1. Give the span of the stretch 59-170's Cα atoms along each principal axis, as three whole-Å numbers ordered largest to smallest.
2. Cross-link partners among lysines for Lys43, C-alpha distance below 18 Å, same-chain residues fewer than 8 apart left out?
3. Rounded to the nearest 10 Å², what accessible area does Tyr106 have for a 1.4 Å probe in the complete protein model?
4. Go through Lys129, Lys100, Lys107, Lys118 and list them by solvent-accessible area, largest first, probe radius 1.4 Å.
5. Cα atoms only: what Rg and Dmax, in Å, come out for the stretch 109-167?
6. Would you check the accessible area of Ser151, probe 1.4 Å, heavy atoms only, in square angstrom rounded to 10?
7. Counting only protein heavy atoms and a 1.4 Å probe, tell me what percentage of the stretch 45-106's accessible area is made up of carbon and sulfur.
Amino acid sequence: MIENDGRGPRSKTTKLMGLIAALMLLSVVCCGCTVVKDNGGKKTITVTDDYGRTVKVVQGAKRIISLAPSDSEIIYALGLGDMVVAVDNNTNYPAETASKPKVSGYKWLDMETILGLKPDIVFAADINKDVITQLEERGLTTVVLNPKNVSNVFDNIRFVCKIMGIESMG
């Protein structure tokens, strides 16, 4: 039984999210990632996202939209929060996301705002499967992160590092 400390009972989801965030931070520290400096040229890479789709991505995007809380946590844990221009309505961690425009939820998408923000890349998740085609039809590079277990979370962290031009030091 979980004791109540006066702040209310903690849900299993809150505990799980805390554990995932801690694991992500630990992974970043352990892998020794660093941002690769832009040398004036941008490199285009082809990646396969968690839906098995082949996506061409320009490494080192400067304007990011995250359409899932789990994607936002990875992006912020990697120190890329200053590049985030919008998040989904359910993202509430880290606290810095509160000031970002909210452009989607489970049943809605503000396409006009998304297009106006001119993102270089949109990170989506399984909950966004209905809108991925809409985003791509409008020329937005969209990558799906859909981890099914903790190992996949670590894979997604490495995947975002690759997409964003972050290089392992070790």
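1. Rounded to whole Å, the extents work out to 42, 29, 27 Å.
2. Lys56, Lys62, Lys162
3. 150 Å²
4. Details: Lys129 115, Lys100 45, Lys107 190, Lys118 140 Å².
The residues order as Lys107, Lys118, Lys129, Lys100, largest area first.
5. Calculated on Cα positions, Rg and Dmax stand at 12.7, 36 Å.
6. Around 70 Å² of this residue is reachable by solvent.
7. Whole-percent figure for carbon plus sulfur exposure: 50.
The values are calculated or read from the model by the stated rules, or taken from the named source; none is laboratory data. This one's a predicted model, so the numbers in the text were calculated from it and none came from an experiment. Surface accessibility is based on the protein's heavy atoms, side chains included, excluding ligands, DNA and RNA. Shrake-Rupley method; radii C 1.70, N 1.55, O 1.52, S 1.80 Å.
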